[in-house]
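For reference, the structure is listed below as structure tokens.
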Amino acid sequence: VYSIPDKLYYIQNFLDYPTYKKLHYDVFKSKDIHLNSASDSWKKELLIGFKKSPERSDLTPEYIPLKKLSILLNTNPFHKINQKIEKFVLHSMRDNSGINWHGDNNHKYGITYYINRRWNLKFGGEFLFTDEKSNGFIPLVGNSLVIIKAPFNHKVTPVMNPLVPRKTIQIFLPQDSK
């Protein structure tokens, strides 16, 4: 849908629909996913100004939809990652949570996969980005993906809907992986 070559790639309809539907159902309905506060693992400056901290949970890379996600990241025609993906993290942002400006500087890539099927712009949670030549935002659209080649400054605006959390899968790839 949108790209800044060698910096940012936004791709919609990333997974086939049955895989996306299963992933969505499992993330929103599973009693096996236990979320913990991100404030324990994130730098404090990322949470300044937000009333609540996002929550997170590591996901098993053996889960079939995540295996498909990994394969597609390495073979997609827009920007191939060409790295083994070993860690997937579910992030859940409820009302009054978000993340401040940062660049994922310790990583080669920061990748966000959007899970929410329905999202209203009034709910907040937009992905903002900026660099010396461009700035903008990416709306929250289910089954879409943002690939950022670090460093690239971005943030998530506060979520403004107390009923539906903003759910994403984060993938961070180290600079020295092949």
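The values are calculated or read from the model by the stated rules, or taken from the named source; none is laboratory data. Since we're looking at a predicted model, the values are computed, not measured. Glycine also receives a Cβ, built like all others from the backbone with ideal geometry; neighbour counts cover every protein chain displayed. The accessibility values were calculated without ligands, DNA or RNA, using every heavy atom of the protein model including side chains. Shrake-Rupley method; radii C 1.70, N 1.55, O 1.52, S 1.80 Å.
Surface analysis of region 1-120 yields an accessible area of 58 Å² per residue, using protein heavy atoms and a 1.4 Å probe. Computed from point charges on the beta carbon alone (+1 for Lys and Arg, -1 for Asp and Glu), the dipole magnitude for the chain about its Cα centre is near 360 Debye.
Sites count as exposed loop sites when they are chymotrypsin sites (Phe, Trp or Tyr not before Pro), lie in a DSSP loop, and have at most 16 other Cβ atoms within 10 angstrom; the longest stretch of the chain without one is 79-178. In a reduced charge model with +1 at each Lys and Arg Cβ and -1 at each Asp and Glu Cβ, region 72-114 shows a dipole moment near 160 debye about its Cα centre.
Please report, as a whole percent, how much of the solvent-accessible surface of region 30-169 comes from carbon and sulfur atoms (probe radius 1.4 Å).
53 percent
Projecting the alpha carbon convex hull of region 96-161 along each direction and taking the average yields 4.5 nm². All Cα-Cα distances of region 132-178, cut into 10 Å bins from zero to the largest, leave 16, 47, 30, 6, 0 percent in each bin in turn. In the chain, excluding the sites themselves, the longest stretch lacking any of the GluC sites (Glu not before Pro) that are in a DSSP loop with at most 13 other Cβ atoms within 10 Å is 1-61.
Each of LEU46, PHE123, GLN83 was placed along the dipole of the chain (beta-carbon charges, centred on the mean Cα), and the one lying farthest toward the positive end is PHE123. Share of pairwise Cα-Cα distances greater than 16 Å in region 1-84 is 67 percent (whole percent). How many percent of Cα pairs in the chain exceed 24 Å? Taking all Cα-Cα pairs of the chain, the fraction more than 24 Å apart is 32 percent.
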